[in-house]
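Have a look at the structure below before the remarks.
The values are calculated or read from the model by the stated rules, or taken from the named source; none is laboratory data. The structure presented is a predicted model; accordingly, all values stated were derived computationally and were not measured. Note that each Cβ is placed from the backbone with ideal geometry, even for glycine, and that neighbours are counted across all protein chains shown.
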Amino acid sequence: MRSPFLQFLVRLSVFTLFLGLLAVILYALLPAGYASVTVPFQFVLFYAVTLAVHYLLLKASEKSPGSFVTRFMLVSFLKLLFYIIVLIAYLFLNKSDVLRFTVPYLVLYVLYSAFEITSITRFSKKNTTNQQDSRS
């Protein structure tokens, strides 16, 4: 059986490719000038941060399953803070691209956060089931 991290990596990659394909189709249908040139970089940012956060959470669950919720909340807060700083910094530096940058950025934030939460929930359910089976 593959490791949980490898499974997540594959699912995240497929998810990102699917969203990227949807973005290409959507931007091909929109009139010129409606798309920010930063959207591909946004995908890279969200992919990398989601992968890193998931890795950290998996390692945290191995070390101390009891404090997983606390670590999850801390990592989620730090991730949100990081995303806000990136958003504000970009908007401060590129005032002309505010709407074209912000809309896909917020959509990607919601989609990647939902994906990460469902993955963590699935992992913790499997982990809880495996722990209960090993105790029996």
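Which pairs have Cβ atoms under 9 Å, sit 6 or more apart or on different chains, and link a residue in the range 91-117 that is on the phi < 0 side of the Ramachandran plot to one that is in a loop (DSSP other than H, G, I, E, B) and hydrophobic (A, V, I, L, M, F, W, C)?
Every condition considered, the pairs that remain are ASP97/VAL37; ARG100/ALA35; ARG100/VAL37; PRO104/ALA35.
Return the residues of the range 21-51 that are among the small types (Gly, Ala, Ser), in a helix (DSSP H, G or I) and either closer than 19 Å to LEU99 by Cβ or modelled with pLDDT of 95 or more (or both); say none if nothing qualifies.
Here is the first cut: in the range 21-51, the residues among the small types (Gly, Ala, Ser) are 23, 28, 32-33, 35-36, 48.
Subset that is in a helix (DSSP H, G or I): 23, 28, 48.
Correct list: ALA23, ALA48.
Does LEU80 satisfy the condition of being in contact (Cβ under 8 Å) with a residue 40 or more places away in the chain, closer than 18 Å to LEU51 by Cα, surrounded by 12 or more Cβ atoms within 10 Å (Cβ to Cβ) and of a type outside the set (Asp, Glu)? Explain how you work it out, then say what you get.
Numbers: in contact (Cβ under 8 Å) with a residue 40 or more places away in the chain: no; closer than 18 Å to LEU51 by Cα: yes; surrounded by 12 or more Cβ atoms within 10 Å (Cβ to Cβ): yes; of a type outside the set (Asp, Glu): yes.
No, not satisfied.
Given the conditions (1) surrounded by 14 or more Cβ atoms within 10 Å (Cβ to Cβ); (2) aromatic (Phe, Trp, Tyr); (3) at pLDDT 80 or above, report the number of the one that PHE92 does not fulfil.
(1)
Considering only residues that are among the hydroxyl-bearing types (Ser, Thr, Tyr) and modelled with pLDDT under 90, look in the range 116-129 and name the one that is farthest from PHE72 (Cα to Cα). Don't jump to the end; show me each part of the working.
As a first pass, look at the range 116-129 and keep what is among the hydroxyl-bearing types (Ser, Thr, Tyr): 118-119, 121, 124, 128-129.
Now drop any that are not modelled with pLDDT under 90, which leaves 119, 121, 124, 128-129.
Values: SER119: 13, THR121: 11, SER124: 12, THR128: 16, THR129: 20 Å.
Ranking the qualifying residues of the range 116-129, first place goes to THR129.
Just to be sure before I move on: is SER113 under 28 Å from ALA23 (Cβ atoms), at pLDDT below 90 and surrounded by 14 or more Cβ atoms within 10 Å (Cβ to Cβ) in the structure I sent? Walk me through how you get there before you give the answer.
Details: under 28 Å from ALA23 (Cβ atoms): yes; at pLDDT below 90: no; surrounded by 14 or more Cβ atoms within 10 Å (Cβ to Cβ): yes.
Judged against the criteria, SER113 is not a match.
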